[in-house]
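Quick notes on the structure that follows.
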Amino acid sequence: MLVTFYLNDVEVTYNVRPGEYLAESLRNHGVKSVKVGCNESTCGSCTLLVDGKPMMSCSLLTASIEGKHIITIEGIQEEAAKISTYFAKQGADQCGFCNVGFALVIYALKKEYKDPTTEEIKNYIVGNLCRCSGLQSHLKAIKAYLKGE
Ligand code: FES
Ligand code: FES
């Protein structure tokens with residue numbers, strides 16, 4: 001089946017299987033920045049933005065995104081580079097596998113909240129896990145990034 005959507009503001013049409021999930025479709029079309037960890041909606045490494053909202057692409061049917069706007073890390077390169085600097089400063093950047101998903105969710109958080117509390121940040125990133133470092137270094141990095149410190 002054909003599905004047409006916007007990938008980082010460019011209209012694309014993919015030919016996919018009816019039950020195919022977006023992470024697989026994107027990777028099959030060369031978008032290897034989409035990382036698949038658990039493949040069952042529990043780690044957040046496959047996060048991308050769908051009409052501005054973070055979603056896990058390993059459990060999102062490609063057929064459901066007809067006409068929607070998808071943003072991957074390629075669509076926020078400048079912000080992602082900034083976020084990774086903050087992560088590196090706080091030691092939150094180790095193997096790097098979770099970074100793409102975190103960058104996208106933090107980007108969305110910044111757009112949605114002006115001055116989020118620690119609880120709001122925790123709730124927002126609850127679906128994104130890092131197997132290398134604890135949550136504290138991520139929280140420090142996110143707070144510093146949001147404040148531009
Ligand atoms: S790979 Fe999608 S949530 Fe883990
Ligand atoms: S830095 Fe390794 S999973 Fe997060």
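Rule-based calculations on the coordinates, nothing more; no lab input. Being a predicted model, the structure only gives us computed values, none of them experimental. All Cβ positions, even for glycine, are placed from backbone atoms using ideal geometry, and neighbour counts span all protein chains on display.
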| field | Electrostatic dipole magnitude of the chain [Cβ: Lys, Arg +1; Asp, Glu -1; Cα centre; debye, to 20] | value | 420
| task | Mind jotting down the three principal axis lengths of the chain based on Cα atoms? Whole angstrom, largest first. | result | 46, 28, 24
| query | Of L109, C46, N99, which is farthest on the positive side of the dipole of the chain, counting Cα position, with +1 on Lys and Arg Cβ, -1 on Asp and Glu Cβ, and the Cα centre as origin? | reply | N99
| If Lys and Arg each add +1 and Asp and Glu each add -1, what is the summed charge of the other residues whose beta carbon sits under 11 Å from the beta carbon of S33? | +2
| Got a sec? How would S57, S25 order by Cβ neighbour count within 10 Å, fewest to most? | S25, S57
| remark: Of the listed links K68/K140; K35/K68; K68/K89, those spanning more than 27 angstrom between alpha carbons are K68/K140; K68/K89
| field | Rounded FRET efficiency, nearest 0.05, which uses the C-beta distance separating C132 from M1 and R0 of 35 Å | value | 0.35
| field | Kirkwood-type radius of region 76-147, with distances r between different C-alpha atoms, in Å | value | 11.9
| remark: Neighbour-count ranking for C98, C43 (other C-beta within 10 angstrom, fewest to most) reads C43, C98
| field | Residue-count net charge about L109 - beta-carbon cut-off 12 Å; Lys, Arg +1, Asp, Glu -1 | value | +2
| message | With unit charges on the beta carbons (Lys and Arg positive, Asp and Glu negative) and the dipole taken about the Cα centre of the chain, which residue among Q90, I142, G75 sits farthest to the positive side? | response | Q90
| query | Summing Lys, Arg as +1 and Asp, Glu as -1, what charge do residues with Cβ under 13 Å from the Cβ of L135 carry, L135 excluded? | reply | +3
| request: Work out, step by step, the length gained on full extension between T85 and E112: first 0.36 nm times the residue separation, then minus their alpha carbon distance; give nm to one decimal. | output: 7.6 nm
| remark: Mean projected area, convex hull of alpha-carbon positions in region 2-74, reported to one decimal in nm², is 4.2
| message | Order these by the 10 Å Cβ neighbour count, fewest first: V34, V50. | response | V50, V34
| D51-K143 pseudo-label distance in nm [points 7 Å out on the Cα-to-Cβ vector] | 3.4
| note | Plugging the Cβ-Cβ distance of N28 and E120 into 1/(1 + (r/R0)^6) at R0 = 30 Å yields, to the nearest 0.05, a FRET efficiency of 0.25
| Using unit Cβ charges (K, R positive; D, E negative) and no other charged atoms, how large, in debye to the nearest 20, is the dipole of region 2-74 about its Cα centre? | 180
